[in-house]
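Structure record follows, encoded as structure tokens.
The values are calculated or read from the model by the stated rules, or taken from the named source; none is laboratory data. Here the structure is a predicted model, which is why all the values come from computation and not from measurement. Here the Cβ positions follow ideal geometry from the backbone for every residue, glycine too, while neighbour counts run over all protein chains shown.
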Amino acid sequence: MLLLLLLSPLWASAQPYVTNKKKVAELHRQLKVSKPDSARVNIYIKLCQNIELRQRDSLLHYASLALTLSKKIGDKNGEGKGHLMYAIALRGIGYYGEQGSITDILSHLEKAEKIFKTTGDEFQLAETYRQISRTHYVMKSDYITGYKYNMQALKIYERLGKKREMSYLYEDLSILYSSADEIKEQLYYLNKSLALNIELNDSTAIGDKKGYIGICHKDNGRYELALQSMFEGLKIFEQMGSNSPDYGVPWIKGCIGEVYVLQAKELISKKNIEAGKSKLESALKLFIDRFDAETAGKMSHRETYLQLAECHLLLSDVSAGKKRQHHISESLRYYTVSNKTLINTDNDWMISISYLGLSKGYEAMGDYKSAYENQKKYVLYRDKYEDQRKESELLKLKMQHAFANEKEKVKAEQAKKDAEAKRAKTQQLSIIVALGAIVLAVLVIVLILFKNNKQKQKANHLLQEEKEKVEAALGELKATQQQLVQSEKMASLGELTAGIAHEIQNPLNFVNNFSEVSNELIAELVDEQQKPKDRQDEALIAEILTDIKQNLEKINHHGKRADAIVKGMLQHSRTSSGQKEPTDLNALADEYLRLAYHGLRAKDKSFNAELATDFDTSVGKVNVVAQDIGRVILNLITNAFHAVNEKKKSGIEGYKPTVSVTTKKSGKRVTISVTDNGNGIPEAIREKIFQPFFTTKPTGEGTGLGLSLSYDIITKGHGGTIDIKSEPGQYTTFTINLPT
């Protein structure tokens, strides 16, 4: 998200922020009197360079004219510029433009590169390298290739003394280093770019850099430094007045609002409710200002919808009465329109955020069914995004490796030279001393080596045999373990099966009912049409056809509903990848608590329990296998719900079923606790509770593997511990300890 936020106001090239109408008018006058030669080609190129990027049709038109004419008259340099401008117009970026075909864009850029190498135009070659770089890292997330072309362009700009273009390249390098979490390098290149922008007196670029530097500080928790830099950028854009880019002020206000929201969360977590509420209200005003400015400038609201939605939802938590209801309604409204805007895109991260917000909003309204449906969709899209994020993490490691190699390259070359010089000197001295002993030593060495070689061959043969045996045993063990894990996962899925089956039956009943009614209506329609033409009731026929159409729409609606439920079941039963990754344990515990609760509610409408959470905000992200830890938490919470439900059935007066989930960070360990006030576990069977196939549930209701596999996941898979405390008739607490 940091990369997306950095890129949002950027241009794909050194295009103007607004069309230079005066310059364009002058170029059109020149065009009318120009001859079809290289001068006219240059006019077409200059028109492209003076028209803002969001006027894509005009840019493509003039770039195409430049290409056609330059090929006709044999102007190779003009042809290269035409390919370059055509690629820039095709790609677009940020607020202005939709990304075009990567294949087409790279094809035009490769043609431009070949031409400029032939003509020897170094500046245009550097411009082409820069655009190839941006295409790779913006459109393909191929930061390594982007870095390679970026450095080629930078060397040319530095040799030619092109300070403005160097500032663009430093800016690009900061983005590339952000992809590898190299914050120090990222700030270094941003400040280098800012220094050049100040030297060139480029107010727009200075405002941009102040915003980007603020974002870096924000993402590293340095909120005061972030606000200082952002407010400096806002002041610059406001002082520019009508010369300011239309994205400038609203973009910076949105950035400041995000910092206020983060500060508000910290204050609220420390029980400083009023101060947190004040920060949220300030943030909301900034987001509304941004929304209004974007509307006036016909810009995208994609980020702003989510900013407004989250801010309203947070305000609902610290408000009461009508104000609380207002904030919940506004949050649902913005999350809904955000979801509709994003649903046909491939931005799984933003889609998952909108579904999570809808789930929380409906839960706040007490609409648990809608909350549950949106929670399932959130999990679905979140897992899709997680798959993509794993690829990004791998790419980040590659980038870090590439940057580390670049830093060490000069050092390694120097060390190599020093080592070679030292080795040469040592060899010269050693040859003189050792020459006389070599002849005598050779025979001894040969005999020793021969003997050692025989022994090594024998030892290697034995080691190879043992290795093959161990690998075969390990393979069998892993296969058995995978089968047990999948069996238990399907068993945990069984906890939700009854409720899900009930949910599926409802839409199927609708489908059957509307089908029967439609058949009756069709029969009635046939009867009516068989009457003589003058006796047919046209109004009745029209009414029947309308009813049939409505029934078919309802059948389609409920069919899709059933399909969504089935997809949710399949998603839950998917096999874990087993790869550890930084995971927000608070969000994971909260998600599975609500998933288990809604699932049991769907199965047993009479079931009800109080949910209590106490999440330590300092826990942060812990390196775990998210699906496995989620499975453990879901198992413990589901067992807790069964325990309190059994106790409630005993009819104890005044008994209030309660299940609580807490997290706490202590030193280098994180604790997750699940507590219920059910019947407890007798001391006599506590030692057996983690044994495979041991269960306290009635026959047919449990596999006996849930707690056993949970124990293995925590102790063997994550190097942690899982403990149990229980008082018969009072409570049971399962405590998970994980290393950070």
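Regarding segment 607-629, can at least one residue be identified that is buried (at least 18 other Cβ atoms within 10 Å of the Cβ), assigned by TED's automatic domain parsing to the domain that holds Lys716, outside any strand (DSSP E or B) and among the charged types (D, E, K, R)? Within segment 607-629, one or more residues are buried (at least 18 other Cβ atoms within 10 Å of the Cβ), assigned by TED's automatic domain parsing to the domain that holds Lys716, outside any strand (DSSP E or B) and among the charged types (D, E, K, R).
Taking Phe287 as the residue in question, decide whether it is out of contact with any His (no Cβ under 7 Å at 6 or more places or on another chain) and of a type in the set (Phe, Trp, Tyr). Quick ask: steps written out before the conclusion?
Values: out of contact with any His (no Cβ under 7 Å at 6 or more places or on another chain): yes; of a type in the set (Phe, Trp, Tyr): yes.
Yes, satisfied.
Does segment 306-329 contain at least one residue that is of a type in the set (Asp, Glu) and in the same structural domain as Ser370 (by TED's automatic domain parsing)? Yes, some residue in segment 306-329 is of a type in the set (Asp, Glu) and in the same structural domain as Ser370 (by TED's automatic domain parsing).
Have a look at Ser354, Ser338 and point out the one that is in a helix (DSSP H, G or I) and either modelled with pLDDT of 90 or more or touching a Leu at 6+ places or on another chain (Cβ under 6 Å) (or both). Give the derivation first.
On the way: Ser354 fails: either modelled with pLDDT of 90 or more or touching a Leu at 6+ places or on another chain (Cβ under 6 Å) (or both).
Exactly one residue qualifies, and that residue is Ser338.
Restricting attention to segment 285-316, the residues that are assigned to a helix (DSSP H, G or I) and within 24 Å of Ser244 (Cα to Cα) total 17. Look at (1) modelled with pLDDT of 90 or more; (2) surrounded by 15 or more Cβ atoms within 10 Å (Cβ to Cβ) and you find that Arg54 fails only one, number (1).
Does Thr345 satisfy the criteria of being touching a His at 6+ places or on another chain (Cβ under 9 Å), surrounded by fewer than 21 Cβ atoms within 10 Å (Cβ to Cβ) and at pLDDT below 85?
Numbers: touching a His at 6+ places or on another chain (Cβ under 9 Å): no; surrounded by fewer than 21 Cβ atoms within 10 Å (Cβ to Cβ): yes; at pLDDT below 85: yes.
Criteria not met by Thr345.
Tell me the residue from Lys649, Lys725, Lys697, Lys688 that is surrounded by fewer than 17 Cβ atoms within 10 Å (Cβ to Cβ), modelled with pLDDT of 90 or more, on the phi < 0 side of the Ramachandran plot and not β-branched (Val, Ile, Thr), please. Walk me through it before giving the result.
Working: Lys649 fails: modelled with pLDDT of 90 or more; Lys697 fails: modelled with pLDDT of 90 or more; Lys688 fails: modelled with pLDDT of 90 or more.
Only one candidate passes the filter, namely Lys725.
Just one of the listed residues (Gly651, Gly678) is farther than 27 Å from Glu591 by Cβ, in a loop (DSSP other than H, G, I, E, B) and small (Gly, Ala, Ser), and it is Gly651.
Conditions (1) of a type in the set (Asp, Glu); (2) outside any helix (DSSP H, G or I); (3) more than 33 Å from the chain's Cα centre (by Cα); (4) modelled with pLDDT of 90 or more, marked per residue:
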| residue | (1), (2), (3), (4) |
| --- | --- |
| Lys35 | no, yes, yes, yes |
| Arg40 | no, no, yes, yes |
| His61 | no, no, yes, yes |
| Lys72 | no, no, yes, yes |
| Ala89 | no, no, no, no |
| Ala126 | no, no, no, yes |
| Arg130 | no, no, no, yes |
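With respect to being touching a helix residue (DSSP H, G or I) at 6+ places or on another chain (Cβ under 6 Å) and buried (at least 21 other Cβ atoms within 10 Å of the Cβ), Ala275 falls outside the description.
Among the residues of segment 33-42 satisfying the criterion of being buried (at least 19 other Cβ atoms within 10 Å of the Cβ) and free of Cβ contacts under 8 Å to residues at least 40 places away in the same chain, which is nearest to Ala87 (Cα to Cα)? Before you say what the answer is, go through the steps one by one.
Going residue by residue through segment 33-42, those that are buried (at least 19 other Cβ atoms within 10 Å of the Cβ) are 40-42.
Filter again for free of Cβ contacts under 8 Å to residues at least 40 places away in the same chain, leaving 40, 42.
Values: Arg40: 20, Asn42: 17 Å.
In this case the residue turns out to be Asn42.
Residues that are crowded, with 18+ Cβ neighbours inside 10 Å and touching a residue at least 40 places away in the same chain (Cβ under 8 Å) number at least 1 in the following helices (runs of 4 or more DSSP H) confined to segment 175-256: 203-219.
Of all residues in segment 592-606, how many are over 15 Å from Gly366 (Cβ atoms) and surrounded by 16 or more Cβ atoms within 10 Å (Cβ to Cβ)? Total meeting the criteria: 8.
Quickly run through segment 163-174 and pick out the residues that are crowded, with 17+ Cβ neighbours inside 10 Å and not hydrophobic (A, V, I, L, M, F, W, C). Before the answer, list the steps.
From segment 163-174, those crowded, with 17+ Cβ neighbours inside 10 Å are 165-174; that's our starting set.
Of everything in segment 163-174, those that are crowded, with 17+ Cβ neighbours inside 10 Å and not hydrophobic (A, V, I, L, M, F, W, C) turn out to be Glu165, Ser167, Tyr168, Tyr170, Glu171, Asp172, Ser174.
Inspect all residues belonging to segment 140-148 and state whether any of them is surrounded by fewer than 24 Cβ atoms within 10 Å (Cβ to Cβ), closer than 26 Å to Leu67 by Cα and of a type in the set (A, V, I, L, M).
Initial filter on segment 140-148 (surrounded by fewer than 24 Cβ atoms within 10 Å (Cβ to Cβ)): 140-142, 144-145, 147-148.
Narrowing further to those that are closer than 26 Å to Leu67 by Cα: none.
Checked segment 140-148: no residue is surrounded by fewer than 24 Cβ atoms within 10 Å (Cβ to Cβ), closer than 26 Å to Leu67 by Cα and of a type in the set (A, V, I, L, M).
Find the residue count for segment 711-726, including only residues that are of a type outside the set (A, V, I, L, M, F, W, C), under 21 Å from Lys665 (Cβ atoms) and part of a strand (DSSP E or B). Let's see the steps before the verdict.
The first filter runs over segment 711-726 and keeps only residues of a type outside the set (A, V, I, L, M, F, W, C), leaving 711-712, 715-721, 723, 725-726.
Subsequent filtering for residues that are under 21 Å from Lys665 (Cβ atoms) retains 715, 717-721, 723, 725.
Now drop any that are not part of a strand (DSSP E or B), which leaves 721, 723, 725.
Qualifying residue count for the region: 3.
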